[in-house]
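The values are calculated or read from the model by the stated rules, or taken from the named source; none is laboratory data. Just so it is clear, the model here is predicted, and its values are computed rather than measured. Neighbour counts are summed over all protein chains in view; Cβ atoms, including those assigned to glycine, are modelled from backbone coordinates with ideal geometry. Note: areas computed on protein heavy atoms with side chains; ligands, DNA, RNA excluded. Shrake-Rupley method; radii C 1.70, N 1.55, O 1.52, S 1.80 Å.
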Amino acid sequence: MQITVDMNLCESHGQCVFAAPEIFSFDDDDRLVHETTPSDALLDRAERAAALCPVRAVTVSPAVP
């Protein structure tokens, strides 16, 4: 899978971090960082994180070969 975060939309609410800490976190400057190609085993968590984002900044799509 491929995770994309539109940083122009992201307001650092952190809902994705709570939903999928294996994929999302904050750096020392409180900016969101994420794994762009996490394991497919984390698909449910990634989709939940995207759904919980209040500004819909997170997109989950199939991996690009």
- Query: Please identify the GluC sites (Glu not before Pro) of the chain that satisfy two criteria: DSSP loop assignment and at most 15 other Cβ atoms within 10 Å. Which are they?
  - Reply: GLU11, GLU22, GLU35
- Sequence-distant or interchain residues sharing an amide H contact under 5 Å with GLN2, placed H: which? SER61, ALA63
- Karplus-derived 3J(HN,Hα), 6.51/-1.76/1.60, for each residue of the range 35-49, Hz, glycine and proline x: 7, 7, 9, x, 4, 4, 5, 9, 4, 4, 5, 5, 5, 5, 4
- Protein accessible area in the chain, 1.4 Å probe - carbon and sulfur %: 49 percent
- Which of LEU52, HIS34, ILE23 sits closest to the plus end of the dipole of the range 13-65, meaning its Cα is farthest towards the positive end, when Lys and Arg get +1 and Asp and Glu get -1 on the C-beta? LEU52
- Quote the charge dipole size of the chain about the Cα centre in Debye, to the nearest 20; the model charges only the Cβ of Lys and Arg (+1) and of Asp and Glu (-1). 240 debye
- How about the range 5-65: which trypsin sites (Lys or Arg not before Pro) there are in a DSSP loop, with at most 15 other Cβ atoms within 10 Å of their Cβ? ARG31, ARG56
- Note on the structure: HIS13 neighbourhood, Cβ < 14 Å, K/R = +1, D/E = -1, net charge -1
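For the chain, what is the accessible area per residue in Å² when the probe is 1.4 Å?
Values: 4250 Å² over 65 residues.
Heavy-atom accessible area per residue stands at 65 Å².
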- Ellipsoid equivalent to the chain - semi-axes via the Cα gyration tensor, in Å: 18, 12, 11
